[in-house]
Amino acid sequence: MKNQYCKVGTVTTMTIDTNELGLLKRQYQNFMDKASNFRCSDTRLAEFFELKAMKIDKILKGKMQ
């Protein structure tokens with residue numbers, strides 16, 4: 001059997017593909033839903049999820065241009 005090596009921490013760039021855009025949209029909606037669920041009980045956690053959603057939204061807007 002041959003040895004296999006992988007580079008730890010490597011990042012695969014996302015191309016403009018409908019699958020990636022769909023994934024980003026689902027992640028955005030998921031974080032926004034989590035933020036609304038935690039709004040009453042834990043505002044700091046809700047703000048964290050909103051920040052994550054805003055970062056994903058920024059990526060989405062960049063990919064759409």
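With +1 assigned to the C-beta of every Lys and Arg and -1 to the C-beta of every Asp and Glu, and no other charges, what is the dipole magnitude of region 18-64 about the Cα centre in debye, to the nearest 20? Show your work: numbers first, answer last.
Values: 10 positive and 6 negative charges, 31 e Å.
Approximately 140 debye in magnitude.
Just subtract the alpha-carbon distance of LEU51 and ASN30 from 0.36 nm times their residue separation and send over the number in nm, one decimal. List each step's numbers first, then the result.
Details: separation 21, 0.36 × 21 = 7.56 nm, distance 1.25 nm.
Length difference between fully extended and current span is 6.3 nm.
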Listed residue (PHE49, LEU60, ALA35) projecting farthest to the positive dipole end of region 18-64, Cβ model: LEU60
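In what sequence, highest mean first, do 40-47, 53-60 appear when ranked by Cβ atoms within 10 angstrom? Working shown, then result.
Details: 40-47: 11.2, 53-60: 15.1.
The densest-packed peptide leads the list: 53-60, 40-47.
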Where labels lie 7 Å past Cα in the beta-carbon direction, separation of LEU21 and LYS61 in nm: 1.7
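Bear in mind that the values in this text are calculations on the coordinates, not laboratory data. Note that the structure is a prediction, hence the values are computed from the model and not measured. As a convention, Cβ positions derive from the backbone with ideal geometry for all residues, glycine included, and neighbour counts pool all protein chains shown.
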